[in-house]
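Structure, as structure tokens:
The values are calculated or read from the model by the stated rules, or taken from the named source; none is laboratory data. Since the model is a prediction, treat every value here as computed from it, not as a measurement. Quick reminder, even Gly has a Cβ in these numbers, built from the backbone with ideal geometry, and neighbours come from all protein chains shown. Calculation scope for accessible area: heavy atoms of the full protein, side chains included, ligands and nucleic acids excluded. Shrake-Rupley method; radii C 1.70, N 1.55, O 1.52, S 1.80 Å.
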Amino acid sequence: MFDNLSERLERSFKLLKGEGRITEINVAETLKDVRRALLDADVNYKVAKTFTDKVKEKALGQNVLTSVKPSQLLVKIVHDELATLMGGTAVDLNLDGRPSVVLMSGLQGSGKTTFSGKLANLLKTKKGKKPLLVACDVYRPAAIEQLRVVGEQVGVPVYMEEGNKNPVQIALNAIQEAKAKNNDVVIVDTAGRLAIDEQMMQEIAAIKKAIQPNETLFVVDAMTGQDAVNTAKEFNERLDFDGVILTKLDGDTRGGAALSIRTVVDKPIKFVGTGEKMDALDIFHPERMADRILGMGDIVSLVERAQEQYDEEEAKRLQKKIAKNQFDFNDFLAQIQQIKKMGNLKELASMIPGVSKMMKDIDIDDNAFKGIEAIIYSMTPAERMNPAILNGSRRSRIAKGSGTSIQDVNKLLKQFEETRKLMRLMTTNKPGSKKFPMMPNFRR
């Protein structure tokens, strides 16, 4: 995400010449190119112009320290203005109600139903809530079935009334059901259309008036660019929603919606969808997103994801095994599972400062670990626990069982042993230190 914009902005900053001060002359060409980069990213024209005007106003005449180049100072100013453009700080959900009610709105195909499931999963696993999903799309039977499947995936109950075509009554009944069964959050999934129409607007306005939600969220597909911004504006005029959800931000999007929508509708982006899995949902942090747009990575989010998978008791057990040189393939397999749970591999790599630029033309397959896992799964329990017994005939059997070559098996065993030695050395040098899940340097 934002790859093209990041590359264009980087080129723009290289245009800045001069030392000592940023002047109107040496900043004009740079900001002209920045504005073009924003427009190419499908940022609203007025937003792009206002943005560069603010950057110019703040940059002109600033003294440049001897240790800082003019381009570096401009990057800092652009970073701060990008963060402000996207809202400045993260905005949390209002969940004060008993139960709290969250109303979803948006066009058909924007990802409302999937996001409803993701939100339910996040509230359940990270906030300790007991959510209830409500099927209020009475026009498409497939929508009700989709919500039921999503609910099963995340282990959250779904309230539906087959045959009832009154979404207002269904929503009201669902809230009563939640009170009776101690569900503390009600997430109402509503109908959408392929385009905005009066019937849809009247219906969702009626639902909102009846259930008085704590949060009304507008869900929009980020890949639709300025269409997303225009749709958000029309919905906001009718619904006065509380926040925006950008889905499919991991897709081939130029990022214009994320950069424009806050300014146009004056409502915060609260979450972004970053994949199809039910845990692929991130709280939107404007400053961190500005970091990523400017190629600075997002190490804070990376650490947070690692901490979510961090089990202190398991880490202590693992550390003792490493110190005794008893780290085996069962432990290694568990580490791979932890890394996979953290998310898309290319996205994780892009969070490391400097790595995003290096890997922009490299395709990291999410199945990169499959060959390694196949080799390990083809081992017997005894072989996983004691790799030293893996002689030639055993390696040949493992290669056949995993659909790989003996060379692949030998390479994995050699690199595993090297990694085990390095891990033991690190543990010996830093006793008691906490470690995040390890990213092994195994290449296929």
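With 26 Å as the limit, write out which pairs from LYS320/LYS370; LYS181/LYS209; LYS130/LYS209; LYS126/LYS321; LYS179/LYS248 have Cα-Cα distances beyond it, or answer none. Let's see the in-between values first.
On the way: LYS320/LYS370 28 Å; LYS181/LYS209 24 Å; LYS130/LYS209 24 Å; LYS126/LYS321 30 Å; LYS179/LYS248 34 Å.
Beyond 26 Å between Cα atoms: LYS320/LYS370; LYS126/LYS321; LYS179/LYS248.
Computed over neighbours whose Cβ is under 11 Å from that of LYS56, the net charge equals +1, Lys and Arg +1, Asp and Glu -1. Taking θ as phi - 60° and the Karplus parameters 6.51, -1.76 and 1.60, the scalar couplings of segment 411-422 work out to 4, 4, 5, 5, 5, 4, 5, 4, 5, 4, 5, 5 Hz in sequence order, x denoting glycine and proline.
Residue pairs exceeding 29 angstrom between C-alpha atoms, taken from LYS54/LYS277; LYS129/LYS340; LYS127/LYS316: LYS54/LYS277.
At an R0 of 35 angstrom, the distance between the Cβ atoms of THR125 and GLN176 translates into a FRET efficiency of 0.85. Extension gain, GLU417 to ALA90, is 113.4 nm, computed as 0.36 nm per intervening residue step minus the present C-alpha separation.
Among 241-249, 203-211, 267-275, how do they line up from the highest to the lowest mean number of other beta-carbon atoms within 10 Å?
241-249, 267-275, 203-211
Highest mean first, the peptides 260-266, 376-382 sorted by other C-beta atoms within 10 Å per residue fall in the order 260-266, 376-382. Counting only protein heavy atoms, what percent of the accessible surface of segment 180-248 is carbon or sulfur at a 1.4 Å probe? For segment 180-248, the apolar C and S fraction of the accessible surface comes to 45 percent.
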